[in-house]
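In what follows, a single structure is set out as structure tokens and then discussed.
The values are calculated or read from the model by the stated rules, or taken from the named source; none is laboratory data. What you see is a predicted model, and the numbers here were worked out from it, not measured in a lab. Note: ideal-geometry Cβ built from the backbone for every residue, glycine included; neighbour counts use all protein chains shown. What goes into the accessible areas is simple: the full protein's heavy atoms, side chains included, and nothing from ligands, DNA or RNA. Shrake-Rupley method; radii C 1.70, N 1.55, O 1.52, S 1.80 Å.
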Amino acid sequence: MENGAVYNETTEPEAKPPRRRPWGCTLRHLQGWRLPAKAAQAILSFVAVICEEIVEDCSNCGGLYFFEFISCSAFLLSLLILCVYCTDLHETLGQDKVQKL
């Protein structure tokens, strides 16, 4: 008892904190064809936003404004999806909240 042998059997070792990657970047949730598809979606929607901004004159601008809204929304939402699935935010929020999002 003087050397502390009694307490060695019941004492749990300290758990090491999990190793985190810089900026929490992981590709575990977007594997296979999903990552290139989401990256292509973000790039193409950004190209659509740029192409819409090039138009200087239009006679009926309602369709152009609708296209601008849709392409900008698609770009921002695809960036949000990439940020959630490629960072530790996916584990922080939890699977059920990510599916609701």
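Summary of computed values
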| item | result |
| --- | --- |
| Some residue of the stretch 72-81 being assigned to a helix (DSSP H, G or I), surrounded by 13 or more Cβ atoms within 10 Å (Cβ to Cβ) and touching a residue at least 60 places away in the same chain (Cβ under 8 Å) | no |
| GLU68 vs. criteria surrounded by 12 or more Cβ atoms within 10 Å (Cβ to Cβ) and among the acidic types (Asp, Glu) | yes |
| Count of the stretch 25-68 residues which are of a type in the set (A, V, I, L, M) and closer than 16 Å to CYS86 by Cα | 7 |
| Failed item in (1) open to solvent by 90 Å² or more (accessible area, probe 1.4 Å); (2) part of a helix (DSSP H, G or I), with GLY63 passing the rest | (1) |
| Members of the stretch 1-55 found to be touching a helix residue (DSSP H, G or I) at 6+ places or on another chain (Cβ under 9 Å), among the acidic types (Asp, Glu) and either at pLDDT below 65 or surrounded by 13 or more Cβ atoms within 10 Å (Cβ to Cβ) (or both), listed by number | GLU52 |
| Boolean, VAL84 is over 17 Å from GLN41 (Cβ atoms) and β-branched (Val, Ile, Thr) | no |
